[in-house]
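Notes for the one structure printed next.
The values are calculated or read from the model by the stated rules, or taken from the named source; none is laboratory data. The structure presented is a predicted model; accordingly, all values stated were derived computationally and were not measured. Note: ideal-geometry Cβ built from the backbone for every residue, glycine included; neighbour counts use all protein chains shown.
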Amino acid sequence: MKSMASSSANKRRRVCEDNGGSTATTSVRVKVEEDPHINGRNAQPDETHSTSPVASSTINKNTEAVLLVPQLDVLAQLLTVDLAQDNAANVARALTKLAELLRKEASECQQANQLGAAVVVLTVMRKFQHHKGVQKDGCSCICLLAFACQNDPHGRNTLLQCGAVEAALNAMSVFPSSQGVQKQACYALMNTLSPPCGGGEDDDDMLGRSMQRFVLELDGIARVVQTMKDFSTATEIQVAGCGLLGNLATRRAFHNIMREARAVGVVAAALEDHAQHPSIVVNGNKVMVCLFSESSSSSS
């Protein structure tokens, strides 16, 4: 009898030691679901564990996920939350706010580019291709982001690689009668396909390849010329159109295509109808000089 009592006492002592020395123990039956490789043993489906009520309560609380809400500034909120919605009207309003924010300061554009705004904007433009507001303000955002990237080849290349040129042309095709869409799309193309200061004619770079695709594969010159014809009295469209054609005129390989697309005619009309606008005068004359100087030299 003494031996049995001693054995029972030893068992109780081991139970207390297994529970950190606590004397208030309770034995509960729980279903264990764990990786059989953990701790080098196989888990049993029904195993009796000696545990304290406090430990059991802690385990239950730890299984409840606590979601943390980040503290976002206005720009980050627009990019990560507002533009991630599935409602086209709400996305259009978010793009309007984003465009207004980008117009305020160049630093906002730089920060937006660092946060990946180009990818976000182009994604929602593809998602809501038939929503006029999304396309108009999406093109406006592309225009502003591209302008901020004129001396940032990486940022500009991100826009080109993610389909900024195709997005603008799609918007023009889907909404041919919308002056607002056509204007913003032309500005987006003008800034996106703008060579950096002192840039050469190296068609192996991303800008050169994008220009070639725009002209040779996407028939972009014809699209822009048609828009300039359709909205001949819209000064801003003429400004953007002449600016884009002026960018393309710096590449000799495009001169014949520009002549065939009757770019000379729309530029001449813009110079005549908007003779007091400095940007039209500068870019329009640039197109004329590039196209006619080469034509004169080749004929002589």
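Screening the range 67-96 for residues that are β-branched (Val, Ile, Thr) and either touching a strand residue (DSSP E or B) at 6+ places or on another chain (Cβ under 6 Å) or not in a helix (DSSP H, G or I) (or both) and picking the one that is nearest to residue 145 (Cα to Cα) gives 81. When residue 126 is tested against the conditions (1) out of contact with any Ser or Thr (no Cβ under 8 Å at 6 or more places or on another chain); (2) modelled with pLDDT of 95 or more; (3) surrounded by 17 or more Cβ atoms within 10 Å (Cβ to Cβ); (4) under 21 Å from residue 214 (Cα atoms), the lone failure is (3). Look at the range 112-124: where a residue is at positive phi, no partner that is in a helix (DSSP H, G or I) and polar (S, T, N, Q) sits 6+ places away or on another chain with Cβ atoms under 6 Å.
Of everything listed in (1) under 26 Å from residue 111 (Cα atoms); (2) among the hydrophobic types (A, V, I, L, M, F, W, C); (3) touching a Cys at 6+ places or on another chain (Cβ under 8 Å), the single unmet condition for residue 207 is (3). On inspection, residue 90 passes the criterion of being within 30 Å of residue 189 (Cβ to Cβ) and either at pLDDT 95 or above or touching a Cys at 6+ places or on another chain (Cβ under 6 Å) (or both). Screening residue 278 against (1) under 20 Å from residue 186 (Cα atoms); (2) touching a residue at least 24 places away in the same chain (Cβ under 8 Å) leaves a single unmet condition, (2). For residue 183, the test of being surrounded by 18 or more Cβ atoms within 10 Å (Cβ to Cβ), of a type in the set (Lys, Arg) and in a helix (DSSP H, G or I) is passed. Among residues of the range 240-255 that are assigned by TED's automatic domain parsing to the domain that holds residue 292, those with a Cβ under 7 angstrom from a residue that is assigned to a helix (DSSP H, G or I) and among the basic types (Lys, Arg), sequence gap 6+ or separate chain, pair up as 240/183; 246/286; 249/286. For the range 129-174, filtering for residues that are within 16 Å of residue 212 (Cα to Cα) and acidic (Asp, Glu) leaves 1.
Could we say that residue 215 is more than 22 Å from residue 180 (Cα to Cα) and in contact with a Phe, Trp or Tyr (Cβ under 7 Å, 6 or more places away or on another chain) here? Yes, satisfied.
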